[in-house]
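These notes are about the structure you will find just below.
The values are calculated or read from the model by the stated rules, or taken from the named source; none is laboratory data. Given the structure is predicted, the values throughout are model-derived calculations rather than measurements. Cβ placement follows ideal geometry from the backbone for every residue including glycine, while neighbour counts extend to all protein chains displayed. Accessible surface is based on the protein model in full, side chains and every heavy atom, while ligands, DNA and RNA are left aside. Shrake-Rupley method; radii C 1.70, N 1.55, O 1.52, S 1.80 Å.
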Amino acid sequence: MLREADRALSVRLMRVNHSGEVAAQALYQGQALTSHDAAVSAAMRHAAAEESDHLAWCEQRLRELNGRTSVLNPLWYAGSFAIGALAGAFGRGTGLGFVAETERQVESHLRSHIERLGTADKRSRAILEQMTHDEMQHGARAASLGGKELPVPVSVAMRLTSRLMTRGSYWL
Ligand SMILES: [Fe+2]
Ligand SMILES: [Fe+2]
């Protein structure tokens, strides 16, 4: 049984992670739509399927914790879908580079959440550890398929966007 303070923190963190998975789905679906490269589209669909597992795990954990998902999710979905579609339209190198960078940022974000969770909430922790493992593989696959390093301003913009999402879904 979790103490109330631990439960409340877990709800907030898992709500942010749930939103992240909503955004990941949108990013992959958007990119699968505009990418004309069969290998890229297949990789996107494979990753999107795993992201939908992540989404389900976070949602179920939120339910167990008596928490709710973020009311801002439609906003994150729409924005990420547009960004994904745009990245796909730029061609293979940029599209895959964008995925690799996204997964890298998600991975480091998940690690920080695992640290903040502490040791009380073992179930949430196990979920985040499995997700970290999967995200690392998504990133590595995108890089090995030919993802290019992104220009610095782009990766900075991505970091700012994810900070907005992290803050928003933490409270709302
Ligand atoms: Fe994920
Ligand atoms: Fe991923």
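Pairs please, first residue from region 44-67 and touching a residue at least 12 places away in the same chain (Cβ under 8 Å) and over 11 Å from Ser124 (Cβ atoms), second anywhere and open to solvent by 40 Å² or more (accessible area, probe 1.4 Å) and more than 12 Å from ligand 1 (Cβ to nearest atom), Cβ atoms under 7 Å, 6+ apart in sequence or on different chains.
Ala48/Gln29; Glu59/Thr69
Name every residue in region 145-155 that is open to solvent by less than 80 Å² (accessible area, probe 1.4 Å) and in a helix (DSSP H, G or I), in order of residue number. I'd like the intermediate steps shown before the answer.
Within region 145-155, the subset open to solvent by less than 80 Å² (accessible area, probe 1.4 Å) is 145-147, 150-151, 154-155.
Across region 145-155, the qualifying residues are Val154, Ser155.
Checking the conditions here, which among Ser41, Ser10, Ser80, Ser35 is among the polar types (S, T, N, Q), in contact (Cβ under 8 Å) with a residue 24 or more places away in the chain and over 21 Å from His109 (Cβ atoms)? First the steps, then the outcome.
On the way: Ser41 fails: in contact (Cβ under 8 Å) with a residue 24 or more places away in the chain; Ser10 fails: over 21 Å from His109 (Cβ atoms); Ser80 fails: over 21 Å from His109 (Cβ atoms).
Being among the polar types (S, T, N, Q), in contact (Cβ under 8 Å) with a residue 24 or more places away in the chain and over 21 Å from His109 (Cβ atoms) holds for just one of Ser41, Ser10, Ser80, Ser35, which is Ser35.
When you check Ala100 against the structure, is it assigned to a helix (DSSP H, G or I), farther than 18 Å from His54 by Cβ and either open to solvent by less than 70 Å² (accessible area, probe 1.4 Å) or within 15 Å of ligand 1 (Cβ to nearest atom) (or both), yes or no?
Numbers: assigned to a helix (DSSP H, G or I): yes; farther than 18 Å from His54 by Cβ: no; either open to solvent by less than 70 Å² (accessible area, probe 1.4 Å) or within 15 Å of ligand 1 (Cβ to nearest atom) (or both): yes.
In short, no.
Could you pull out the residue among Ala48, Ala24 that is within 16 Å of ligand 1 (Cβ to nearest atom) and surrounded by 24 or more Cβ atoms within 10 Å (Cβ to Cβ)?
Numbers: Ala48 fails: surrounded by 24 or more Cβ atoms within 10 Å (Cβ to Cβ).
Within the list Ala48, Ala24, the selection yields Ala24.
Kindly provide the set of residues from region 133-144 that are in contact (Cβ under 8 Å) with a residue 40 or more places away in the chain and either open to solvent by less than 50 Å² (accessible area, probe 1.4 Å) or closer than 12 Å to Gln105 by Cα (or both), ordered by number.
Answer for region 133-144, where residues must be in contact (Cβ under 8 Å) with a residue 40 or more places away in the chain and either open to solvent by less than 50 Å² (accessible area, probe 1.4 Å) or closer than 12 Å to Gln105 by Cα (or both): Asp134, His138, Gly139, Ala142.
Each row is one residue, and each column tells you yes or no for (1) more than 18 Å from the chain's Cα centre (by Cα); (2) under 19 Å from Thr166 (Cα atoms); (3) at pLDDT 85 or above; (4) open to solvent by less than 80 Å² (accessible area, probe 1.4 Å).
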residue: Asn66; (1), (2), (3), (4): yes, no, yes, no
residue: Thr69; (1), (2), (3), (4): no, yes, yes, yes
residue: Ser80; (1), (2), (3), (4): no, yes, yes, yes
residue: Ala87; (1), (2), (3), (4): no, no, no, yes
residue: Arg92; (1), (2), (3), (4): yes, no, no, no
residue: Arg111; (1), (2), (3), (4): no, yes, yes, no
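Return yes or no: is Ala43 of a type in the set (A, V, I, L, M) and open to solvent by less than 50 Å² (accessible area, probe 1.4 Å)?
Working: of a type in the set (A, V, I, L, M): yes; open to solvent by less than 50 Å² (accessible area, probe 1.4 Å): yes.
The answer is yes for Ala43.
Answer yes if at least one residue in region 156-163 is hydroxyl-bearing (Ser, Thr, Tyr), within 13 Å of the chain's Cα centre (by Cα) and crowded, with 21+ Cβ neighbours inside 10 Å, and no otherwise.
Initial filter on region 156-163 (hydroxyl-bearing (Ser, Thr, Tyr)): 161-162.
Narrowing the set further to residues that are within 13 Å of the chain's Cα centre (by Cα) leaves 161-162.
When the remaining residues are screened for being crowded, with 21+ Cβ neighbours inside 10 Å, the result is none.
No; the residues of region 156-163 include none that is hydroxyl-bearing (Ser, Thr, Tyr), within 13 Å of the chain's Cα centre (by Cα) and crowded, with 21+ Cβ neighbours inside 10 Å.
Would you confirm, using the coordinates I've provided, whether Ser52 is within 16 Å of Met131 (Cα to Cα) and of a type in the set (Ser, Thr, Tyr)? Give the steps one after another, and end with the answer.
Values: within 16 Å of Met131 (Cα to Cα): yes; of a type in the set (Ser, Thr, Tyr): yes.
The answer is yes for Ser52.
Filter region 115-132 down to the residues that are touching a Lys or Arg at 6+ places or on another chain (Cβ under 9 Å) and touching a residue at least 60 places away in the same chain (Cβ under 8 Å), then identify the one that is surrounded by the most Cβ atoms within 10 Å (Cβ to Cβ).
Initially, region 115-132 is screened for residues touching a Lys or Arg at 6+ places or on another chain (Cβ under 9 Å), giving 117-121, 123-124, 127-128, 132.
Cutting the leftovers down to touching a residue at least 60 places away in the same chain (Cβ under 8 Å) gives us 117-118, 120-121, 123-124, 127-128.
Numbers: Leu117: 18, Gly118: 11, Ala120: 15, Asp121: 21, Arg123: 15, Ser124: 26, Ile127: 20, Leu128: 24.
Among residues in region 115-132 that are touching a Lys or Arg at 6+ places or on another chain (Cβ under 9 Å) and touching a residue at least 60 places away in the same chain (Cβ under 8 Å), the one surrounded by the most Cβ atoms within 10 Å (Cβ to Cβ) is Ser124.
Taking the criterion of being modelled with pLDDT under 95, away from ligand 2 (no atom under 16 Å from the Cβ) and farther than 18 Å from Glu129 by Cα, would at least one residue in region 17-28 satisfy it?
Within region 17-28, not a single residue is modelled with pLDDT under 95, away from ligand 2 (no atom under 16 Å from the Cβ) and farther than 18 Å from Glu129 by Cα.
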